[in-house]
Amino acid sequence: MNLLWVVLLPLIGTLVPLLTERFGRNICTLSVALLPACSLILVLMFAADIFDSQVIRQSIDWIPAIGLDLSFRLDGLSLLFLLLILGIGLLVILYARYYLSSKDSMGQFYAYLVLFMSAMVGIVISNNLIQLWVFWELTSISSFLLISFWSHKSEARKGARMALTVTGAGGLALLAGLLLIGDMVDSYDLDTVLASADLIQSHSYYPVALVLVLLGAFTKSAQFPFHFWLPHAMAAPTPVSAYLHSATMVKAGIFLMARFYPVLAGTDLWFMIVSLTGLITLLFGAYIAIFKHDLKGLLAYSTISHLGLITLLLGLNSKLAAVAAIFHIINHAIFKASLFMAAGIIDHESGSRDMRKLNGLWKYMPYTATLAIVAALSMAGVPLLNGFLSKEMFFSETLNQSTLGSLSWIIPLLATIGAAFSVAYSLRFIHDVFFNGEPIDLPKTPKEPPRYMKVPVEVLVALCLLVGIFPAYVVGDLLQIASFAVLAHDVPVHNLAIWHGLNIPLLMSFLAMMGGITIYYNRRHLFEFQSHFNEADAKLVFEGIVQTIVKVSQRIIETIENGSLQRYIFLLLLLTFVMAALPLLDLTQNIGSRPQIPLDGVTITGAVLLVFSAIATVIWYRKRFLALIFLSVVGLIVSLAFAQFSAPDLALTQLSVEIVTIILLLLALFFLPQIGKKESTNRRLSGDLLLSGLLGCVIATVCYAMLTTPLDSISDFFIANSKTGGGGTNVVNVILVDFRGFDTLGEITVLGIAALGIFKLIAKMRIYMPTRDDSGRKWSNDPHPMMLEMVSQTLLPLALLVSVYIFLRGHNLPGGGFIAGLITSVAIIQQYIAHGVLWIKPRINIDYQWLIAGGILIATLTGIGSWFFEQPFLTTWFDYFKLPWVGKFELASAMLFDLGVYLTVVGAVMLILANLGKLTTSERVQIKEND
Amino acid sequence: MEAIYAFCVGILTTCGFFLVLRGRTFTVVIGLTLLSYAVNLFLFASGRLKLDGAAVLGQSVEYSDPLPQALVLTAIVIGFAMTAFVVILAMRSRADQGNDHVDGQVPVQQNNSRFSNKRNS
């Protein structure tokens, strides 16, 4: 049994709806529900162990060197949340089936929803702080997708952006906090952290870490003053609200506080921050909720208020209060999810959520109304319903604390006032929607929803009743083990009875009821009083701030990034110079002890030519054709230099690449201006010259120092094993195809990708084809010269033969796939030049893309082939054979690999040049005159 | 000989950087090509210079370092692909934007490719 599957199953399930969407709504819904349901069953199978007070752990090594592993942990608290997340999640999946209209993309919706579910599951079972945080961020992202699901609505987009910004920023604070905690205990392992309470609380960074972690929790759980994103997130489809704002997203913050309760709680600082924030949020949410005309708006503020209540309980630093908090987590999730679903049904069946229009729905949908009324009464805390029980516990806890000294009596008073408002808005929800006259011009005539749309609500309302009437039987054990996890094995005695006798909490409940009824009865006065305050629209304020930030950063970017490549490169080079030159200051001696080679006349001539041509390229860079000629001289000297210094393979490669490059640049020059104008000021020129000169000096110094330092190389290994291990005497080639074959495979892949990129760039190029050069002379339209045609045609077989020879001998003598490929390409390009693209086209009808693909495929398959002989990837094999007439010869799997290299090189070079050449013919994309 | 080699690498670097700092695409491409020569020679130099020591077994008494050679060989080919990509990008930029500036100063009358095409023809 693997804990990993609990999170992996829903994660895989993310893909399911995308595949099954086409089979219709019912099959899609069923298939989506399948994997989370399996996950839930898996959790239930673990549950027995958890009820035995065990903690299940599972860990997979990920990056052990830095203490990161994929680690999971299932205890009572996790179990409770898993049941809520997966259970309510499944109900929401069923509900959404009926809620979504045929216009909505069901597959997309379910994919987001299940992704979100997986992220939540990941949070609650993570046993590693960083891993927990990754899942935490995943909830922010997936909730963004869910809230903005109706992306055609501006408010959905804005609401989603706001939620992402607030929770995302909180997530960053949380990361900082978690890193601090990880630093304090020197481990990111949750078990270790949970066992180090004393260490953390006595640490001097404890306040900072606490505030950072709480910032993460408060933003997620919509605590004052970060609450404003939640009402705007109501632009989401109602199933999303029912899920995110009852059991999951907003509870993630609560979960975080509960998870770290053993470590972070218990101090005065915790009490001050958490309980006061909770208290303010509780009162604020309850007060504002009553004024919301939008059904979901009312529920949103009520959610804020109840989250405040839970936070307050967690902040009281009393064990019984923590138990009450966990109890209320369960209760709130149940009644709030059912209320949101009921609101969704009302919206779905009547076309409106405005309580000024919605009246007297009892007549039209008595069944739904009954369900909603029960849930709303539970929210109000009416006896025999689950909301009552946790509210009673809450009241008695506010009475039992004495943390504010002689002012402690204020907390129960404020709690009663909050509860009164809670009763008032619950009453409004019931009375205003289901009674209170007749509906006022609703878009649709309300009716009962489809049968199965009510099922999720029925299940939840039944739970409200069951928990309310038989609390100890239904949730007693679950509450016990969850508290066990939060309170670190020290759960106080609590009594989940309905009747505790006549006591002060009951009196407070009674007062709250009466108060709530009074408030609702006199609501007109209250509404009039409230209308004197201009409520700032959080959306406008938020957007304003965002716009200002965007404007400021735009201004900064515009100043820094002016679109001038010159400037970027100049700054880059300047930085490079500073970074490279500074260490050189410490290098006192730049001559090493390695004996130097004496100069000879040929080398000096070559060097002079090279320097002269390089400088000439710079001097005449505006006469581009001339510059290109000088450039080719430089390239030739470089290849000669390779030949001189014992690198025949390099010399051959450089020579053939040089040819190809110059042809390419000549072709390009045909389409680009051939002569540049003087544009740079003299000041700029001298500045550039100075900088590049300085950099040249730095490079030359480094190069000289390197050349004169004795060499300590790993190459002796290659030389010693080239023949015995790789079966070839040309060490360079054996390195390419054998020792470092994996690198070469990567390189030819890059080559192929570059060529395909170029192909795409050329394919849609609408470039003007010049008929005259820059000085106004007409380009010659002569046919291809006959001499050239004849000679090149005769040369082709010879050239191909040479390339085959170079290829075959590559393993033992200078040559190989790269060089042979280049020679073949040059031979074919020669034909293009001599005959023109149109002549070649019917004769060499090869799709060069396939050549590249084939080459890479052959090389890869050669590598994979070694698996069949139980060897690592790209292990080579070779042996010697004898044939009559031919004599002894060698076969090596490396040659097959080299063939792949060869094909890729030919394909890439030809794809580039042949397509570029096409631009000069009628094959090119036509530019229409009036286009 | 080492000194003159290092000097050449320095000259190539200087010329390459100077051209890369110019304001038109084609010159930048030429600069990049010069730079890639310099880089290849520099990388090659990490195996030190050796005469008559090709790394082919049985052909020389002492072998030059084959590893930098293998690295530079692929670098040359990839360098070609990169040069090709940049030069085609330069052409595409001229085709789409009607000019070959990379200095951020786009002349107004050349802002439109069709316009400049007509003017040229």
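Throughout, read-outs are computed from the coordinates displayed, never taken from laboratory work. Please read all numbers here as calculations on a predicted model, not as lab measurements. Reconstructed Cβ throughout: ideal geometry from the backbone, glycine too, with neighbour counts over all protein chains shown.
Out of residues 5 or more away from B:G104 or on other chains, whose amide H comes under 5 Å of its own, with H placed 1.01 Å from N in the peptide plane?
HN-HN under 5 Å from B:G104: A:L565.
If you line up the long axis of helix A:25-51 against the longest principal axis of chain A, both from Cα atoms, how many degrees apart are they, to the nearest 10?
For A:25-51 against chain A, the angle is about 70 degrees.
First check a/c for chain B, with a ≥ b ≥ c the square roots of the eigenvalues of its C-alpha gyration tensor; if it is under 1.5, answer rounded, and if not, answer prolate when a/b is larger than b/c or oblate otherwise.
Here chain B falls in the prolate category.
Take the alpha-carbon positions of the protein assembly as shown, form their convex hull, and give its projected area averaged over all directions (one quarter of the hull surface) in nm².
55.0 nm²
By the scheme Lys and Arg +1, Asp and Glu -1, what is the net charge of all other residues having a beta-carbon under 14 Å from that of A:W62? Mind showing how you got there, number by number?
Numbers: positive: none; negative: A:D61, A:D69, A:D189.
So the surrounding residues net to -3.
Using alpha carbons only, how many degrees (0 to 90, rounded to 10) separate the axis of helix A:601-619 from the longest principal axis of chain A?
Its long axis makes an angle of about 50 degrees.
Provide the net charge surrounding A:W779, with neighbours chosen by a C-beta distance below 9 Å and charges set as Lys +1, Arg +1, Asp -1, Glu -1.
Working: positive: A:R772, A:R777, A:K778; negative: A:D773.
Overall, the nearby charge balance is +2.
Can you bin the stretch A:502-656 into rounded, prolate or oblate? Criterion: square roots of the alpha carbon gyration tensor eigenvalues sorted a ≥ b ≥ c, rounded for a/c under 1.5, prolate for a/b above b/c, oblate for the rest. Working shown, then result.
Details: a/c = 4.92, a/b = 3.33, b/c = 1.48.
Judged from the Cα gyration tensor, the stretch A:502-656 comes out prolate (a/c at least 1.5, a/b above b/c).
By average Cβ neighbour count within 10 Å, what is the ranking of A:351-359, A:616-624, A:768-776 from highest down?
Highest to lowest by the protection proxy: A:616-624, A:351-359, A:768-776.
Output wanted: per-residue J couplings in Hz (rounded whole) for the stretch A:762-767, from phi through Karplus 6.51 cos²θ - 1.76 cosθ + 1.60, θ = phi - 60°, x for Gly and Pro.
Values, residue by residue: 6, 3, 10, 6, 10, 9 Hz.
Rounded to the nearest 20 debye, what is the charge dipole size of the protein assembly as shown about its Cα centre when +1 sits on each Lys and Arg Cβ and -1 on each Asp and Glu Cβ?
It comes to approximately 3560 debye.
Cβ neighbours within 10 Å, averaged per peptide: list A:839-848, A:74-83, A:700-709, A:876-885 in order, most packed at the top. Before the final figure, lay out the partial values.
Numbers: A:839-848: 12.8, A:74-83: 24.5, A:700-709: 20.3, A:876-885: 10.9.
Taking the mean over residues of other Cβ atoms within 10 Å, the ranking is A:74-83, A:700-709, A:839-848, A:876-885.
Shielding of A:569-582 by partners, i.e. mean partner chain Cβ atoms within 10 Å per residue?
Rounded to a whole number, the mean comes out at 1.
So for the stretch A:769-864, Kirkwood radius off the Cα pairs, Stokes-Einstein at 4 °C and 1.567 mPa s: how many µm² s⁻¹? Don't jump to the answer; show the numbers that get you there.
Details: Rh = 16.0 Å.
The estimated diffusion coefficient comes to 81 µm²/s.
How many percent of all Cα-Cα pairs in the stretch A:358-452 sit more than 15 Å apart?
Result for the distance tail: 67 percent.
Quick one: 3J(HN,Hα) in Hz for the stretch A:321-327, Karplus 6.51/-1.76/1.60 with θ = phi - 60°, rounded, Gly and Pro as x.
5, 5, 4, 4, 4, 5, 4
Give the long-range amide H neighbours of A:E448: residues separated by 5 or more places, or on another chain, with amide H under 5 Å away, using H modelled in the peptide plane at 1.01 Å from N.
So A:E448 has HN proximity to no qualifying residue.
Using only the alpha-carbon atoms of the stretch A:281-362 as identical scatterers, what base-10 log of I(q)/I(0) does the Debye formula give at q = 0.18, 0.19, 0.23 Å⁻¹?
-0.78, -0.83, -1.04
Which far-off residues, 5 or more places away or on another chain, put their amide H under 5 Å from the one on A:S59, with H placed in the peptide plane?
For A:S59, the qualifying residues are A:F72.
By how many degrees, 0 to 90 and rounded to 10, does the Cα axis of helix A:410-434 deviate from the longest principal axis of chain A?
90 degrees
Show log10 I(q)/I(0) for the stretch A:740-785 at q = 0.29 Å⁻¹, two decimals, from a solvent-free Debye sum over equal Cα scatterers.
Per q value, in the given order, log10 I(q)/I(0) is -0.96.
If you take each beta carbon of peptide B:28-39 and count the beta carbons of other chains within 10 angstrom, what is the mean?
For peptide B:28-39, the averaged partner shielding equals 6.
Evaluate the relative contact order of chain A (contact order divided by residue number), counting alpha-carbon pairs under 8 angstrom at least 6 apart; express in whole percent.
8 percent
Counting only helical runs of four or more DSSP H residues, what would the 222 nm mean residue ellipticity of chain A come to if each run contributes -39,500 (n - 2.57) and the total is spread over all its residues? Walk me through the intermediate numbers first.
Working: 38 runs with 639 residues, N = 931.
Helices in chain A give a 222 nm mean residue ellipticity of -23000 deg cm²/dmol.
Mean projection of the alpha-carbon convex hull of the stretch A:41-172 over all orientations, in nm²? Working shown, then result.
On the way: hull surface 38.2 nm².
Average projection, Cα convex hull of the stretch A:41-172: 9.6 nm².
Averaged over peptide B:93-104, how many Cβ atoms belonging to another chain are found within 10 Å of each residue's Cβ?
Taking the mean over all residues of the peptide, I get 5.
State to the nearest 20 debye the size of the charge dipole of the stretch A:73-173 about its Cα centre, where the only charges are +1 on K and R beta carbons and -1 on D and E beta carbons.
300 debye
To the nearest 20 Debye, how big is the dipole of the stretch A:361-448 about its Cα centre, given +1 on the beta carbon of each Lys and Arg and -1 on that of each Asp and Glu?
Result for the stretch A:361-448 is approximately 100 debye, rounded to the nearest 20.
Cα-Cα pairs above 21 Å in the stretch A:672-782: how many percent?
Here the long-distance tail beyond 21 Å is 74 percent of all Cα pairs in the stretch A:672-782.
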